[in-house]
Amino acid sequence: MTLVSVVTPSYNQALYLEQTIQSVLGQDYPRIEYIVIDGGSTDSSVEIIKRYADAGRLAYWTSEKDSGQAEAINKGLARANGEIVAWLNSDDYYMLNTISVAVRCFEQNPDVVMAYGNMLAVDGAGHTLNVLKYKQIALEDLLCFQIIGQPSVFFRRSALEKAGLLEPTFHFMLDHQLWIRLAQQGRILHVPQVWSAARYHAEAKNRARAAEFGREAFRVLDWAKKQPGLADIVSGVKRRALASAYRYDARYLLDGGQTLSALRAWFRALFLHPPTALARLNIFVSAILSLTGLSGLREAVLRRRQHKLSGDR
């Protein structure tokens, strides 16, 4: 039976960490190697981790200072022995049968190097904010910033060994840059099933440091232009790729409260490649509502949507 390795990087997320751990250990798949890499937490995270380690539920754990998320994940990935590998951040969690479905996907598709499912976006209390339903994409789409929810991604260790570990100079697009490198190794496959939940809360970097995500998107694009095997692909979709980077920047600038900057970025995307910008017309609408003082209307719509999604779970 295939061994699956899951790595959880952790730092001061005691409020959510136990649910993350339980979502891995509570899977219906019997061969899981679970590795927890803590960055020297000062809250009660280490006590939580020790409780599971002392019960023999963890393959390895450590708590020591590191340079950030990439280093922590890389430490865990370097220790992973599983044929299939993933990481799950300490404020996210898996659905009940995620790993068994992922394993079956790889077994039935030996040419697939990376598989990904859909994802819930939840708030700090675990209430559903959105259901992120992805599509089947290819390398070209990744270079145009078609984003995949990281907690719903699994990949072969053999492909990771060829692609290399996470690039530690990236702090926000580190997963997406890795997906690009993995997609160079073989086929990636979408499975239309919710595999995980990503938590959106005030302390999460997708909220606390939202404006920095866009800057790294442009760095990813500049990096890809210099890579053998990627430069020609980027050149072929140059305007779409650059427009996608601006659209991505606009989304996170809006999340970060920089409404005017978000609008400017969205209009740059519109100028470069109209279909790319218009595919996320909601960014423009949300920005206009905010600037005209009607953001309360937007929040009311979002609350109504959240209530409906929570009822659908």
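The values are calculated or read from the model by the stated rules, or taken from the named source; none is laboratory data. Values in this document were obtained by computation on a predicted structure and should not be read as measured data. Glycine gets a Cβ as well: all are built from the backbone with ideal geometry, and neighbour counts include every protein chain shown.
Of the residues Val85, Val103, Val46, only one is out of contact with any helix residue (DSSP H, G or I) (no Cβ under 8 Å at 6 or more places or on another chain), closer than 20 Å to Glu161 by Cα, assigned by TED's automatic domain parsing to the domain that holds Val194 and of a type in the set (Val, Ile, Thr); which? Explain how you work it out, then say what you get.
Working: Val85 fails: out of contact with any helix residue (DSSP H, G or I) (no Cβ under 8 Å at 6 or more places or on another chain); Val46 fails: closer than 20 Å to Glu161 by Cα.
Criteria check complete, one pass: Val103.
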Out of all the residues in the stretch 118-137, is one or more part of a strand (DSSP E or B) and either outside the structural domain of Ile73 (by TED's automatic domain parsing) or touching a Pro at 6+ places or on another chain (Cβ under 7 Å) (or both)? yes
Residue check for Lys162: of a type outside the set (Gly, Ala, Ser), modelled with pLDDT of 95 or more, at negative phi and touching a His at 6+ places or on another chain (Cβ under 8 Å): no
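Quick one: which residue in Gly40, Gly56 is over 28 Å from Ala163 (Cα atoms), surrounded by fewer than 22 Cβ atoms within 10 Å (Cβ to Cβ) and touching a residue at least 12 places away in the same chain (Cβ under 8 Å)?
Numbers: Gly56 fails: touching a residue at least 12 places away in the same chain (Cβ under 8 Å).
Only one candidate qualifies: Gly40.
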When you scan the stretch 1-80 for strands (runs of 3 or more DSSP E) that lie fully inside it, which ones turn up with 3 or more residues that are hydroxyl-bearing (Ser, Thr, Tyr)? 4-10, 60-63
Residues of the stretch 289-313 satisfying the condition of being surrounded by fewer than 16 Cβ atoms within 10 Å (Cβ to Cβ), at pLDDT 55 or above and not hydroxyl-bearing (Ser, Thr, Tyr): Leu291, Gly293, Leu294, Gly296, Leu297, Glu299, Ala300
Go through (1) part of a helix (DSSP H, G or I); (2) without any contact (Cβ under 8 Å) to a residue 12 or more places away in the chain and name the single condition Gln177 misses. (2)
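Can you name the residue in the stretch 123-145 that is at pLDDT 95 or above and aliphatic (A, V, I, L, M) and is also surrounded by the fewest Cβ atoms within 10 Å (Cβ to Cβ) among such residues?
Let us first name the residues in the stretch 123-145 that are at pLDDT 95 or above, namely 131-145.
From what's left, aliphatic (A, V, I, L, M): 131-132, 137-139, 142-143.
Details: Val131: 14, Leu132: 18, Ile137: 17, Ala138: 12, Leu139: 18, Leu142: 24, Leu143: 24.
Top of the filtered list is Ala138.
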Does Gly186 count as farther than 21 Å from Tyr252 by Cα and not hydrophobic (A, V, I, L, M, F, W, C)? yes
Take the residues in the stretch 146-174 that are β-branched (Val, Ile, Thr) and not in a strand (DSSP E or B), then tell me which one is surrounded by the most Cβ atoms within 10 Å (Cβ to Cβ). Ile148
From (1) over 25 Å from Tyr200 (Cα atoms); (2) at pLDDT 95 or above; (3) surrounded by fewer than 19 Cβ atoms within 10 Å (Cβ to Cβ), pick out the condition that doesn't hold for Val103. (3)
Note down all Cβ pairs under 7 Å where the first residue falls in the stretch 241-263 and is closer than 15 Å to Leu221 by Cβ, the second is among the polar types (S, T, N, Q), and they're at least six residues apart or on different chains. Ala243/Thr276; Ser244/Thr276; Arg247/Thr276
Residues of the stretch 166-200 classified as under 16 Å from the mean Cα position of the chain (by Cα) and hydroxyl-bearing (Ser, Thr, Tyr), total: 2
Which condition breaks for Ser67 when tested against (1) surrounded by fewer than 17 Cβ atoms within 10 Å (Cβ to Cβ); (2) at pLDDT 95 or above? (2)
